[in-house]
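The values are calculated or read from the model by the stated rules, or taken from the named source; none is laboratory data. Quick caveat, the model's predicted, so the values are computed rather than measured. Glycine also receives a Cβ, built like all others from the backbone with ideal geometry; neighbour counts cover every protein chain displayed. Quick note on the areas: whole protein, heavy atoms, side chains included, nothing else; ligands and nucleic acids left out. Shrake-Rupley method; radii C 1.70, N 1.55, O 1.52, S 1.80 Å.
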Amino acid sequence: SCAVAAVRVPDEQQLVRVVEALAEGGMRAVELSYAAVRNAGWLVQTLKENELLVGVGGIIRSFQARESGMLGADFITAAVTAPDVVAACKEMDIPCILTSLTPTEVWRAQEMEADFVKVLAEALGGPDYIRSLRETLSTRRLVGAEMPLNEYLPYLEAGVEVLEFKSSLALSELVEEQKWAEISRRASKITGACNAWRTDRSPD
């Protein structure tokens, strides 16, 4: 999947409605918070019924990763560069994403054999920072996070494999106004642009 939507909505029923709207727009992967999954263990399996990849984020301890794995998580996102979380994911054979900021953190995450490294690049120069990391560290399998809603293609061009959208989707505001169709529209725009970008660059 080219894009992941990180869904942070406090009400479980509204969360399910949001994910359904995202799926209608073509989003194939979502990430829930560990807090949401811990409070409502049925969420992961319920959402997977829509043929979605459902991950759990905000993980900082190995026991949280194992708990999420037992609930059916398709991938785990650690909020920090945590070796014990990588080890727990390897035990369960679940992809692990470690979150990094500095070049040292990105390098450490790769040395720990994380499946993906999520880089909070927007504050440090955006796509140019991604290019710098790739040139300096020969980085691979990067997830770009928290990029603007209309400025994400440069991240793909810089070498990011997966885009994660969170605050830029403004899901809480759209839920408050019950604008489910707008959530679907934003998801459709992202997935359409991602797929078109990949198609243009794939060998014939």
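Results, tabulated for the structure shown:
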| read-out | value |
| --- | --- |
| Rough spin-label spacing in nm, given labels placed 7 Å along Cα→Cβ, for residue 185 and residue 128 | 3.4 nm |
| Among 102, 81, 136, residue whose mean-square fluctuation peaks in a GNM of the chain (springs only between Cα atoms under 10 Å) | 136 |
| Surface share of carbon and sulfur [accessible, 1.4 angstrom probe, percent] for the chain | 48 percent |
| Long-range amide H partners of residue 121 with built H, under 5 Å | 145 |
| Selection of GluC sites (Glu not before Pro), the stretch 41-139, meeting DSSP coil and at most 14 other Cβ within 10 Å | 49, 51, 113 |
| Estimated vicinal HN-Hα couplings, Hz - the stretch 184-197 in sequence order (Karplus 6.51, -1.76, 1.60; Gly, Pro = x) | 4, 5, 5, 5, 5, 5, 5, 5, x, 5, 4, 5, 5, 5 |
| Test item: Cα-centred dipole of the chain, Lys/Arg +1 and Asp/Glu -1 on Cβ, debye | 120 debye |
| For the chain: accessible area per residue (Å², 1.4 Å) | 48 Å² |
| Additional length obtainable on full extension of the chain from residue 137 to residue 149, 0.36 nm per residue less Cα span | 1.6 nm |
| Residues whose placed amide H lies under 5 Å from that of residue 101, excluding near-sequence neighbours | 106 |
| FRET E, pair residue 84, residue 38, Förster distance 25 Å, beta-carbon r, rounded to 0.05 | 0.85 |
| Anisotropy class of the chain from Cα gyration tensor, a/c 1.5 cut | oblate |
| Mean Cα-pair separation over length for the chain, i.e. relative contact order, pairs under 8 Å, 6 or more apart, % | 22 percent |
| Three semi-axes of the equivalent ellipsoid, the stretch 39-138, Cα gyration tensor, whole Å, largest first | 27, 15, 11 |
